[in-house]
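Colleague: Quick one: structure below, then a few questions.
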Amino acid sequence: MTLTKALCKIAAGLSLILSTTASAGFASDEGGTIHNIRIHRTTGTPVLMFTTVPHISPPTCNGNPAIEWAVTLDDFGKSVYSLVLSAQAQHKKVIIHGKNLCEDWDDRESIIHITLAGE
């Protein structure tokens with residue numbers, strides 16, 4: 001077997017492994033539309049919660065898919081809130097990459113970053 005063929009087989013195997021491993025949720029590479037914006041607080045800092053359609057590969061939290069997003073309204077969360085409101089008001093999509101964890105609320109995925117989708 002030549003080196004090139006061996007490398008191709010290794011690359012194909014790695015590709016298969018990577019495609020079957022769990023990944024963080026995201027609102028599709030094309031972006032998702034924003035729905036159901038709400039702020040909730042039981043104690044401490046309020047939490048922004050919302051839905052994007054679609055929400056691809058959400059993690060399982062408390063036995064259910066975390067199909068919504070949550071972010072604590074600290075400085076980062078306030079920035080996310082501003083972008084979410086702006087996107088919804090302008091009927092624009094957002095691209096979100098999630099943490100694959102439910103840190104900010106026990107059944108909603110936490111956010112790593114959010115981008116306003118291009119035209």
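Colleague: Could you say which residue among Ile37, Ile95 is in contact with a strand residue (DSSP E or B) (Cβ under 8 Å, 6 or more places away or on another chain), modelled with pLDDT of 90 or more, over 15 Å from Thr115 (Cβ atoms) and surrounded by fewer than 20 Cβ atoms within 10 Å (Cβ to Cβ)?
Modeller: Ile37
Colleague: Got a number for residues in region 58-102 being under 17 Å from Ile34 (Cα atoms), touching a residue at least 12 places away in the same chain (Cβ under 8 Å) and among the polar types (S, T, N, Q)?
Modeller: Total satisfying the criteria: 2.
The values are calculated or read from the model by the stated rules, or taken from the named source; none is laboratory data. A quick note: this is a predicted structure, and the numbers were derived from the prediction, not measured. All Cβ positions, even for glycine, are placed from backbone atoms using ideal geometry, and neighbour counts span all protein chains on display.
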